[in-house]
Structures are given as C-alpha cells and as structure tokens.
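The values are calculated or read from the model by the stated rules, or taken from the named source; none is laboratory data. Just so we're clear, the structure is a prediction, and the values are computed from it rather than from any experiment. Here Cβ is always computed from backbone atoms with ideal geometry, including for glycine, and neighbour counts include all displayed protein chains. The accessibility values were calculated without ligands, DNA or RNA, using every heavy atom of the protein model including side chains. Shrake-Rupley method; radii C 1.70, N 1.55, O 1.52, S 1.80 Å.
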Amino acid sequence: MTVFLLILISSLAVYGFILNKSKASVMSDTNIMHSQPHYHGLYSAFITLVPAILLLFFWSFIVNMITNITLKDFFSDITDTGLIKFYTDGVIGYAEGATDKIINHAGFMPAVEHYQALQHNNKILQFIVISTLSLMLFRYSLKFVEVEFKARDYIERVIVIVMRASAVFAIFVTIGIVLSLLFETLRFFDSVNVFDFLFGLHWSPQMAIRADQVGSSGSFGAVPVFTGTLLIAFIAMTVATPIGMFSAIYLSQYASENIRSYAKPIIEILAGIPTVVYGFFAVITVAPFFRDMGAFFSFTNMSSESALIAGSVLGIMIIPFVASLTDDALTAVPRSLKEGSLAMGATLSETTKKVIIPASFHGIVGSFLLAVSRAIGETMIVVMAAGFAANLTFNPFDSVSTVTVQIVGLLTGDQEFDSPKTLSAFALAFVLFFITLVLNVISLTIVKKYREEYE
Amino acid sequence: MTENLKVSIRNLNVFYGKKQALFDVSLNIMEKEVTSLIGPSGCGKSTLLKCINRMNDLVEICNINGQILLDSVDINEVSQDPVLLRMKVGMVFQKPNPFPKSIYDNVAFGPRLHGMTKSKEDLDNIVIQSLSKSGLYEEVKDRLYEPGTGLSGGQQQRLCIARALAVNPQILLMDEPCSALDPIATAKIEDLIAELKQQYTIVIVTHSMQQAARVSDRTAYMHMGELIETGMTKTIFSNPQHEKTQDYITGRIG
Ligand SMILES: Nc1ncnc2c1ncn2[C@@H]1O[C@H](COP(=O)(O)OP(=O)(O)OP(=O)(O)O)[C@@H](O)[C@H]1O
Ligand SMILES: [Mg+2]
C-alpha cells in the first residue's frame, strides 16, 4: 500500500513538472520570464511531493499519539498516570496478539476493539489522506505559472533548507552520541572512582559478574589498557612512518608521471581494504611468521597473540594512509621552489631534504598525527591479533590489549546495562574519543595552516 | 668591449614529445654582456634559456639535439655534470621563489649545499656580499633571520638574485624577472642588471621591448621556435633586417 502510494505521488509530481515546464516554456516564447521553465516544473514537483512525503514520514508517529490519547479516554476513571500507561500498553499488546492477558477493567475490551478498528482503518486512511493532499497541492501548483512568478527563488530556498536540515541532522546526531557517551561515563564514575579508573594499574572487569565472589567489585584501573594501546600504536607507527613517507617521497618527487598514475590509485585502493581482511592477514600470515622467527632465534615464549604482530599489521594497514596524506603535503609545495633549488645545482634528494620537506613539514606532521589517531581507534585487527589480556607491559612479545578491544569484549554477549562492567566500556570510549579528538584537532589545525601558506 | 665568446649554441633542436619547440637555433652569447631574448609568447624563449643550464633534463618528454658550448665544452656531453654546470649558470625565475626559510638561509643555501665555505665567517661574508650585490643588503640587514617570504615582491626577486650570485656563477639566466613586479621594483632590477654585467654574463627573456632596449647589448628575436634575427640591440631596434622582427618591434605581432 505504502509503495503504491509513493509511486502515485511521485508520478503526480513528475506530471506536475512536465505540465508546468511546458506551460512555462510556451509562455517564455513571448515573454521574458523571471524564472526558467524548469524552475516552474520543479516548483510544482516540490509542492506536490514534499508535504505529502513529510506527512507520510510522521504518520505513524501521529497515529501513535492519537491512539494513545483516545485509548486513555477508556480509562478516564483512573488518576494514576503510570497505571494508565500500564493499561494502554496491555490493550495494545492484547490487540496485536502479543499477550492474551486480559485486564480486569470495564474499559478494557472496548479499548481493544477501538484499537483494532483504528489499526484497520489506518492504512486506508493514510492512503486517502496523503493522496488527496498530494492531489490538491498538485492542482494548486498548476496555477502559479506566470511571467512574474519567482519559482527560481522558491526552489533556491527549498534547496538551502534541505541542505541546512541535513547539516543540522548530522551535527545533532554527533552531539547526541557524545552526550550519551558522557552520561554513561558519569554513571560509571558513580560506582568507580575517577582516579582509580585513570591511574589504576589493574584491569579485570570480568570479576564483577558474580556478587558473592572475592573481588566482586571488579578492578577498573585503565592504565594497562592505555599502555597497551600506546604500545601497539607505537609499533604501528614505527612500521608505517618510514615506509609511508619514503613511498610518498618517491611518488611525489622521483616517479615518472606514468608510474605515478598507476601507483597513486593503487595506494588509495589499499587504504580502502576492510580492516577485517588485515586481521585475517595478521592471524594467518604474520603470526606464524613471527612464531617461526621466534623459534629460529630460539625465543620459546613467543605467543601467537602479541603486541608486535598486531602492531605490525596495523602499521601495514596505515602505510597507504600515511603515504597518501604525505604525498598530498609534498605535492602541495609549489613547483617553483623545486625548480629554484634544482637550478642552484641541488640534486633531487638534496632538494627534497632541504626544501620540499621543510616546506611541507606542517602537512607531514599533520598526516602523521591523523595516522596515529587512526591507529589508536582501530579495532578489528587488534581484536584478531592482540588478545584480551590487559597486561601492563612494554614488551612487544607479550600479549596486550587495547581500549577498542576491551570495549568490544565488554559489550558483546549478554550484559546488564547498568553494571559497572558494562558502563566501564563507555568510560573507556569517552577517554578514547577525547584523545583522538585532540589529535585530530591538532593535526587538522596544522594541515590547515600549511594549506594557507601556499594559497 | 671585450668580444669573448662565452656560450655558443649550434643547430639546437628541442622536442617536447613529438612536438618540436626549437628549430635549428644557433646563437652566440658574449662574455660580460647582456643578451636579451624577445619574441611572441610560446616561441621558445624559456625553452632556449633552460637548455643553457640543462633544466630541461627534468622534463621527461624533452629531447635535445645540437650543441651548446660553454667555454668551448659541450655541456650535454656525458662527462659533464649538471650539478657543476648549474653552479656556473645561475637562474632567476619569472615569479620570485624564495625558499620558506630565513633571508640568510636563502642566500646561504647554495654555498652550504656545495660546501663552499670553511667557517661561519666565510659564509657570513658570502651572504653579505651577495645581498649587497643584489642591492638588498641595506634594506634587510636588520632582519636577516626573518623569513624571505615576508619580503615585498621586488625584494624577493632581488633575494633570488642574491641567492643565485652566492655560488659565484659565471652566467645568470633570467626568465622575465620583472613580469611580476611594479615599475619601481622593475627599475631597481634593471639598474642591478646594468651593474652585474661588469662581472657576469647575463641572458634575459623579456616581453618588454623597452626593457630589452634599455638593458641589453645584444638582442635575439625568436618566432615560432626559430631564431629569426640576432645582433646588437641598437641595430635590431633601429634597423631590423627581417620583416617579422620589424613587425614585432613595432607592435604588429605579439
Ligand atoms: N614542459 C613542456 N611540455 C610540453 N611542451 C612544452 C613544455 N614547455 C614548453 N612547451 C612548449 O614549447 C613551446 C615553447 O614554450 P616556451 O615556454 O619556451 O615559450 P616562451 O617563448 O617562453 O613563451 P612565454 O613568453 O609565454 O613564456 C610552446 O609551444 C610550449 O607549449
Ligand atoms: Mg616563458
């Protein structure tokens, strides 16, 4: 029914577009119109479509509201609003067949019938109301084709409104997420001291499951989790920075146009590989490789889940990211500087070292920081390759855990939603968010500054 | 005037890919003179200029045949090192391109690069001398450690000239060095050129007839990749031999 309705009003809109456009173009043969014919067409299409779509969108919302209000009337003798809510919920549940529990109240069965009737008529009503609205607006829009009519201005305004609404939506969603993160974090700090969380050296939230156990309160010292994160990010950057930077320097300064035209897209494709694939790669290829290496150098305590493995694969993952951003920074340096240096008798590598890199230093630092924040926020690879044990260690051969991995561990499976264990995930997420936010703001400010320098 | 041949270009053909940009160009450049290259846009002036310090090596698709003799040695021979060549043949570009470093570091760039100085005093001396030669020293002596990019356009261009002079070149190539400058800054650069030719051989590309007439001893007129006419500037401007030259000088082509 709804699909049919959508088709109907869309066709009406298209029809309105065609009618108004052709009418306007006939008119424009003899007059200088304020707006081009297709604006008149669009005007009609908008008028026909937009209010109808909006109404459709809010329909179930409105219907629910009406249902609730009218259902309440059946229980008007009750004053307790909580109880009314309980009764109306019971009515809806019974009417939809979700339960067969009948509440002993005179208004109950009539309310059920009322609800069923409403639901039955709902779809038909929806169809009639919306198609009528659309049809009326369609008729109405046809009157407006005139020389003076400012269709263009209206369309322009609608477009601005649509874009503004999208922007507002995006911003509100972001703010909403951050706020909910913040509130859950605050709830967590009701039961766990902030300082114990931030500076505690022991992390074992799993203890909190059974109330009668020793240490039932769990242990929420986040330091090992953050050191684990830093260790892995450090290893990742140690792998990614030199390789990424050298390939960017090669691509931007040395490679011929031909090589560049192949290599740059390939690097960008690498950046788009889903991280779970890198996770596979870590488990299937890199882990055995490191284990064999360990055996070769007679390291026996080489675990197959270690910071080294996760960090190196994570590093491989961010190479294209570093390379691509660094390349952007290097190619933003004006050609005239490169030529100036070469004309002084500098070789290409001297030019790169003494002119190009200093000139794009901001950009390089910015891309480095963005990569760090990527590494810190990465989940999949570390889940697959680093393990869950939050050891406080700086030994790369040990298994460590990261913030993201802990969050995954804390929130998967059946959880109570108000135990400190679950809430601790929000606290971790909040700190993580804060760190990456700061990194991003710093790096974007730096990047912006160097952009301005050359424009 | 000493009539010493400094650079001799013989039957030079230059190709960008399949497109030929210079056709059989032969030109002699005399020591301690100013030679100006004039001609309509796209005729190959910059191309010719860049051949003299082999900057065209950097253009992948560029191919050259013919000879360019600097002090009777072919600069394109395998044994010749472009780095040493570019030390001998400095270049100043159309748009001032100081490095984003301090004024001092800009001028010290070449000497440091080529290890020309033993001590800090030596380097200081070279920097001061070069800045003085380009007439900039008095204006910037109090702010040598501020960024070169903070100078005015004309000052930046003179900084670039100082930078080129710091490696003690024999020849200075200038590609429209005044086209981004106002008349006053232009006049300063022109005065500078007149002074510099005591010590250096200068080749300048310019779009301004007046400038060519004012600063140069010899003029070469180019058209569509060919060298049409060359001779003493006075002769070319007062009594051009070739019809195209005359048309260009009087403003009928261009
Ligand atoms: N890097 C290049 N790749 C391909 N073609 C080029 C390149 N540089 C120059 N050309 C071509 O060579 C010809 C001569 O160019 P050149 O830059 O020498 O002209 P010009 O006389 O300096 O012109 P202008 O006065 O506009 O600077 C032009 O047709 C140009 O299109
Ligand atoms: Mg040119």
Over all alpha-carbon pairs in the protein assembly as shown, figure out the percentage whose distance exceeds 35 Å.
-> 68 percent
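Taking a probe of 1.4 Å, how large is the accessible area per residue of segment B:5-249, in Å²?
Value for segment B:5-249: 43 Å² per residue.
Please give the net charge around A:Ile364, taking every other residue with its beta carbon less than 12 angstrom from that of A:Ile364, where Lys and Arg add +1 and Asp and Glu add -1.
Working: positive: none; negative: A:Asp327, A:Asp328.
Taking every Cβ under 12 Å from that of A:Ile364, the sum is -2.
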Treat each spin label as a single point 7 Å out from the Cα along the C-beta direction, and report the B:Ser119 to B:Ser152 distance in nm.
-> 3.8 nm
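Say the cut-off is 29 Å between C-alpha atoms; which of A:Lys338/B:Lys19; B:Lys133/B:Lys244; A:Lys449/B:Lys88; B:Lys32/B:Lys188; B:Lys141/B:Lys197; B:Lys45/B:Lys133 go over it?
Working: A:Lys338/B:Lys19 25 Å; B:Lys133/B:Lys244 38 Å; A:Lys449/B:Lys88 37 Å; B:Lys32/B:Lys188 20 Å; B:Lys141/B:Lys197 24 Å; B:Lys45/B:Lys133 27 Å.
In this structure, B:Lys133/B:Lys244; A:Lys449/B:Lys88 exceed 29 Å between Cα atoms.
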Would you mind finding the longest exposed-site-free stretch of chain B, with exposed GluC sites (Glu not before Pro) meaning DSSP loop and at most 11 other Cβ atoms within 10 Å?
-> B:78-254
Any residue on another chain or 5+ positions along whose placed amide H is under 5 Å from the amide H of B:Gly66 is listed here as B:Asn13
Taking Cα centroids, how far is segment A:350-427 from segment A:177-206 in Å?
-> 18 Å
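At 1.4 Å probe size, with the rest of the protein present, what percent of the exposed accessible area of segment B:5-249 is carbon and sulfur atoms? Don't jump to the answer; show the numbers that get you there.
Details: 5060 of 10480 Å².
Using a 1.4 Å probe with all protein chains present, segment B:5-249 comes out at 48 percent carbon and sulfur.
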What are the ³J(HN,Hα) values, in whole Hz, obtained from phi via the Karplus relation 6.51 cos²θ - 1.76 cosθ + 1.60 with θ = phi - 60°, for each residue of segment A:9-23 in sequence order, with x given for Gly and Pro?
-> 6, 5, 5, 4, 5, 4, 4, x, 4, 5, 4, 5, 5, 5, 4
Taking 0.36 nm per residue of separation and subtracting the Cα-Cα distance, what length does fully extending A:Leu8 through A:Ile159 add?
-> 52.0 nm
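Could you size up the charge dipole of the protein assembly as shown around its Cα centre, putting +1 on the beta carbon of Lys and Arg and -1 on that of Asp and Glu, and report it in debye to the nearest 20? Before the final figure, lay out each step's value.
Details: 53 positive and 61 negative charges, 250 e Å.
With Lys and Arg at +1 and Asp and Glu at -1, about 1200 debye.
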Using the alpha-carbon atoms, what tilt in degrees (0 to 90, nearest 10) does helix A:151-191 show relative to the longest principal axis of chain A?
-> 60 degrees
The answer for chymotrypsin sites (Phe, Trp or Tyr not before Pro) in segment A:296-369 that fall in a DSSP coil and have at most 14 neighbouring Cβ atoms within 10 Å is A:Phe297, A:Phe299
Which whole-Hz ³J(HN,Hα) couplings does segment B:228-238 yield from phi under the Karplus relation 6.51 cos²θ - 1.76 cosθ + 1.60, θ = phi - 60°, glycine and proline marked x?
-> 7, 7, 9, x, 4, 3, 4, 5, 4, 7, 8
Inter-label distance, nm, simple model (7 Å from Cα along the C-beta direction), A:Leu135/A:Leu348 = 7.3 nm
DSSP-loop trypsin sites (Lys or Arg not before Pro) across segment B:156-254, with at most 10 other Cβ within 10 angstrom = B:Arg252
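Segment A:2-149: Rg/Rh from Cα coordinates, Kirkwood Rh?
Details: Rg = 23.1 Å, Rh = 18.3 Å.
Dividing the radius of gyration by the Kirkwood radius yields 1.26.
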Residues of segment A:83-181: accessible area per residue at 1.4 Å, in Å²?
-> 66 Å²
Roughly how many Å² of A:Lys421 are accessible to a 1.4 Å probe, to the nearest 10?
-> 20 Å²
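I'd like the antiparallel share, as a percent to the nearest 5, of DSSP beta bridges with both residues in the protein assembly as shown. Working shown, then result.
Values: 27 of 44 bridges.
The antiparallel fraction comes to roughly 60 percent.
What quantity of accessible surface, computed with a 1.4 Å probe and excluding non-protein components, is buried in total between chains B and A, in Å² to the nearest 100? Display every interim value, and only then the final one.
Values: alone 12170 and 25520 Å², together 36050 Å².
Between B and A, the summed buried area is about 1600 Å².
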Inter-centroid distance (Cα atoms) of segment B:64-94 relative to segment B:177-254, Å | 23 Å
So how strong a dipole does segment B:5-249 carry about its Cα centre when Lys and Arg Cβ are +1 and Asp and Glu Cβ are -1, to the nearest 20 debye?
-> 200 debye
Residue farthest toward the positive end of the dipole of segment A:222-410, with Cβ of Lys/Arg at +1 and Asp/Glu at -1: which of A:Val403, A:Ile357, A:Tyr278?
-> A:Ile357
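Could you give the alpha-carbon Rg of segment A:222-410 over 2.2 N^0.38 Å, rounded to two decimals?
Numbers: Rg = 18.9 Å, N = 189, 2.2 N^0.38 = 16.1 Å.
That works out to 1.17 for segment A:222-410.
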Using helices alone, what [θ] at 222 nm do you get for chain A, with -39,500 (n - 2.57) per DSSP H run of 4 or more residues, divided over all residues and rounded to the nearest 500?
-> -24500 deg cm²/dmol
Filtering chymotrypsin sites (Phe, Trp or Tyr not before Pro) in segment B:126-227 by DSSP loop and by at most 13 other Cβ atoms within 10 Å leaves B:Tyr145
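How much length is gained if the chain between A:Ile53 and A:Lys85 is pulled fully straight, taking 0.36 nm per residue apart and subtracting their Cα-Cα distance, in nm to one decimal?
Extra length available between A:Ile53 and A:Lys85 comes to 8.4 nm.
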For B:Ile29, A:Ile442, give the ranking by accessible area with the largest first, probe 1.4 Å.
-> A:Ile442, B:Ile29
Mind checking which of B:Ala212, B:Ile64, B:Leu165 is farthest towards the positive end of chain B's charge dipole, using Cβ charges of +1 (Lys, Arg) and -1 (Asp, Glu) about the Cα centre?
-> B:Ile64
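How many Å² of accessible area per residue for segment A:1-45, probe 1.4 Å?
On the way: 2570 Å² over 45 residues.
Each residue of segment A:1-45 exposes 57 Å² on average to a 1.4 Å probe.
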Distance-filtered residues of segment B:93-135 - backbone nitrogen under 16 Å, label point 7 angstrom along A:Ser336 Cα→Cβ = B:93-101
Listing of segment A:324-341 residues, each with accessible area lower by at least 40 Å² in the full protein assembly than in the chain alone (probe 1.4 Å) | A:Ser336, A:Leu337, A:Glu339
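Taking the Cα centre of segment A:2-149 as origin, work out the dipole magnitude from +1 charges on Lys and Arg Cβ and -1 charges on Asp and Glu Cβ, in debye rounded to 20. Walk me through the intermediate numbers first.
Details: 8 positive and 10 negative charges, 94 e Å.
Computed charge dipole of segment A:2-149: roughly 440 debye.
Determine, from the Cβ-Cβ distance of A:Val438 and A:Phe394 and an R0 of 41 Å, the FRET efficiency 1/(1 + (r/R0)^6), rounded to the nearest 0.05.
Numbers: r = 23 Å, r/R0 = 0.56.
The formula returns an efficiency of 0.95 here.
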Which is farthest toward the positive dipole end of chain A among A:Ser306, A:Asn122, A:Ser252, measuring Cα position about the Cα centre, with Cβ charges +1 (Lys, Arg) and -1 (Asp, Glu)?
-> A:Ser252
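Subtract the Cα-Cα distance of A:Val178 and A:Tyr254 from 0.36 nm times their separation in residues, and report this length gain in nm to one decimal.
Values: separation 76, 0.36 × 76 = 27.36 nm, distance 4.46 nm.
Stretched out fully, the A:Val178 to A:Tyr254 stretch lengthens by 22.9 nm.
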So how far apart, in nm, are the two label points at A:Asp73 and A:Phe246 if each is 7 Å from Cα heading toward Cβ?
-> 8.0 nm
